[in-house]
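S.K.: Please read through the structure below; I'll follow up with questions.
The values are calculated or read from the model by the stated rules, or taken from the named source; none is laboratory data. All values reported here derive from a predicted model rather than from experimental measurement. As a convention, Cβ positions derive from the backbone with ideal geometry for all residues, glycine included, and neighbour counts pool all protein chains shown. The area values use the complete protein model at the heavy-atom level, side chains included, leaving out ligands, DNA and RNA. Shrake-Rupley method; radii C 1.70, N 1.55, O 1.52, S 1.80 Å.
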Amino acid sequence: MRQRITSLREAITSLTGRVVTFWRNTAAAIGERWRSSLQFKVTVSTLALSTAVVFVLVMLLQYQIAERLLDTKRRAAIAQTRAVLATAESELEGIDANPETLRERLEQASRKITSSSPAAHELEGSSAGAFEPVIASGDRSYQGGGRPATPDESIFVGSYGNVPTALRDFVEQGREAEQIHTVDGTTYLIIGAPITTNARPLQLYLLFPLSTEQNTVSTVQNTLIAGAAVLLLLLAGIANLVTRQVVLPVRRAANAAVRFAEGDLDKRLAVVGSDDLSKLARSYNEMAESIQTQIRQLEEFGQLQRRFTSDVSHELRTPLTTVRMAADVLHASREQFPPGLARSAELLADELDRFEALLGDLLEISRLDAGVEELTAEVVDVRAIVERVREQVKVLAGSAGSEVELDLPADEAVAEIDARRVERILRNLVANAVDHGEGQPVRVTLGVNDDAVAITVRDYGVGLRQGEEDLVFNRFWRADPSRNRRTGGTGLGLAISQEDARLHGGELEAWGAYGYGACFRLTLPREQGVELTDLTVSPIGLPPDPPELPSEDGQPSDDAVTRAHADAEDAHTAAAEWHEEGLRGAGTDGTDGADGTDGADGTDGADDSEAPEAERARGDREEVNR
């Protein structure tokens with residue numbers, strides 16, 4: 001028995017769960033349909049409002065019809081009762097019999113009433129329908145007061161028990177009354193009136209069944225419900241059809257816009273007629289034509305720009321090679337020159353190196369813009385790349401007074417990448433960090449998880465102002481043009497680095513706060529063909545060691561500003577000392593001038609050499625003031 005109860009409970013639970021799941025899925029499907037379909041929304045709204053209106057109309061019509069039928073029945077019943085009352089009074093006139101003969105006289109009067117007498121078939125009362133007469137004898141005073149009833153009150157003819165007590169009290173007090181009363185499922189309209197032609201009080205009650213009226217009301221109700229259902233279906237179909245005529249052109253316009261956004265610039269809408277929808281289609285076509293023209297113009301301009309950049313870069317190769325050869329000869333023979341000319345040969349060689357780097361970057365960025373670059377991906381340990389980059393920038397970091405610190409995992413950080421491009425990205429990031437680190441350490445952190453590998457380059461220099469995190473990747477953009485750079489960059493390093501990161505399917509991000517340094521994070525997928533998504537979690541935060549910013553408005557604290565000012569002053573002092581040493585070495589023999597008259601006093605050569613330094617010092621002071 002217990003097993004049966006348990007099985008029954010499990011079956012009920014399973015059935016309840018299936019029912020709940022079904023209704024939940026149905027509600028979810030309806031909700032999704034409501035949110036995604038304008039046609040469904042308009043049709044359902046129209047059907048709901050129409051249902052409310054039709055329901056109110058049906059209830060109002062049913063009430064009016066029932067009231068009209070009942071009112072007609074009541075007037076006919078009252079007329080019938082008055083006619084029957086006249087017959088009863090004539091039959092019972094002068095009755096003063098004893099109780100033994102009273103019942104016989106009442107029965108005789110009842111038979112007379114129900115027989116086909118002319119009074120019972122008057123035209124005025126013929127619509128009242130069939131009725132059941134009840135005649136009762138009561139011995140109460142007409143004022144209804146006080147004296148106990150006698151046994152004669154139980155003398156009656158007909159279904160006296162169907163007459164409610166409240167109606168009896170009214171009629172026994174000598175007043176006409178009516179009441180609707182239900183007995184054993186049958187509803188009656190009961191009309192009561194006193195018979196006043198005798199000394200003995202008599203009451204006449206006519207019970208009119210309302211079955212015909214109820215059947216009529218039920219038929220009308222069913223007809224109204226059926227008509228309302230058909231009307232609602234018609235309204236739903238009409239609303240769906242009308243909405244479809246509006247929604248279909250809108251859907252076609254939406255599909256055309258989607259295809260246009262996907263690159264099908266020749267997609268247009270058909271214009272039929274001159275209504276509002278045709279105006280919408282015509283306006284869309286004009287807009288698409290204008291956008292297509294502008295896009296093609298921009299594409300042509302971009303192609304010309306890339307071709308110009310590539311052609312200029314290639315054309316400059318030949319004269320640059322010639323100039324390079326001449327510069328190398330001069331640089332090799334610089335020890336034979338006077339100090340001023342030797343210094344010029346060194347500057348010429350340095351600037352030619354920077355010019356060659358700029359041409360290389362221009363060619364690289366033009367190939368990236370043209371989309372002809374391809375990855376040479378292989379599975380490598382990223383730790384080795386980070387260590388090679390540190391060795392490459394060791395001399396630069398030493399001259400700047402910065403130390404490159406590495407935070408590498410103990411296990412291998414294997415990823416499928418193009419080692420040359422990743423190394424170039426890290427070299428640019430570390431060189432920029434050293435250049436802007438103001439002599440502070442530069443920390444390189446490597447992290448890896450199941451999906452991605454990330455490298456952050458963190459410096460603790462002046463940092464970036466608000467909004468400059470996105471500007472740093474613009475071509476030829478510098479945070480402060482007056483700033484003295486140690487690396488002599490071309491202004492394309494970060495732009496090329498970002499394109500290399502995108503070529504891997506990864507991303508390069510920047511963070512900075514004025515007075516707290518800056519941080520760049522390179523995140524790459526561990527396998528090629530897998531791009532980073534919003535759900536991909538980087539192994540390292542940005543930055544990995546977020547500082548505590550004391551101010552809510554984004555402004556640095558006083559300590560941070562003081563530290564940044566001190567670092568800038570130290571860098572300015574070191575740069576001034578370096579230039580003073582160079583000027584002293586360049587002006588020892590007084591032959592630095594163009595006419596050979598600039599002697600040891602440095603009246604000309606020193607002044608000309610110090611002018612750029614003065615400008616740089618002024619820029620450093622302005623940066624400190626900011």
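S.K.: Classify the range 1-101 as rounded, prolate or oblate from the Cα gyration tensor: take a ≥ b ≥ c as the square roots of its eigenvalues, call it rounded if a/c is under 1.5, otherwise prolate when a/b beats b/c and oblate if not.
M.R.: It comes out oblate by the Cα gyration axes.
S.K.: Counting heavy atoms of the protein chains only and a 1.4 Å probe, report the per residue accessible area for the range 317-435 as a whole number of Å².
M.R.: I get 53 Å² per residue for the range 317-435.
S.K.: In what order, largest first, do 55, 131 sit by accessible area if the probe radius is 1.4 Å?
M.R.: 55, 131
S.K.: Also, quick follow-up: How compact is the range 206-279 by the rule of thumb for globular proteins, expressed as Cα Rg over 2.2 N^0.38 Å?
M.R.: 2.30
S.K.: Right, next: Give me the number: length gained by fully extending residue 271 to residue 378, i.e. 0.36 nm times residue separation minus the C-alpha to C-alpha distance, one decimal in nm.
M.R.: Result: 33.0 nm gained on full extension.
S.K.: Mind jotting down the distance between the C-alpha centroids of the range 389-465 and the range 1-68, whole Å?
M.R.: 64
S.K.: How much net charge surrounds residue 379 when only other residues with a Cβ under 11 Å from its Cβ are counted (Lys, Arg +1; Asp, Glu -1)?
M.R.: Net charge around residue 379: -4.
S.K.: Ok, one more. Compute the Cα gyration tensor for the range 381-510, then decide on rounded, prolate or oblate, letting a ≥ b ≥ c be the square roots of its eigenvalues: rounded whenever a/c is under 1.5, prolate when a/b is larger than b/c in the other cases, and oblate in all that remain.
M.R.: Because a/c hits 1.5 or more and a/b fails to exceed b/c, the range 381-510 counts as oblate.
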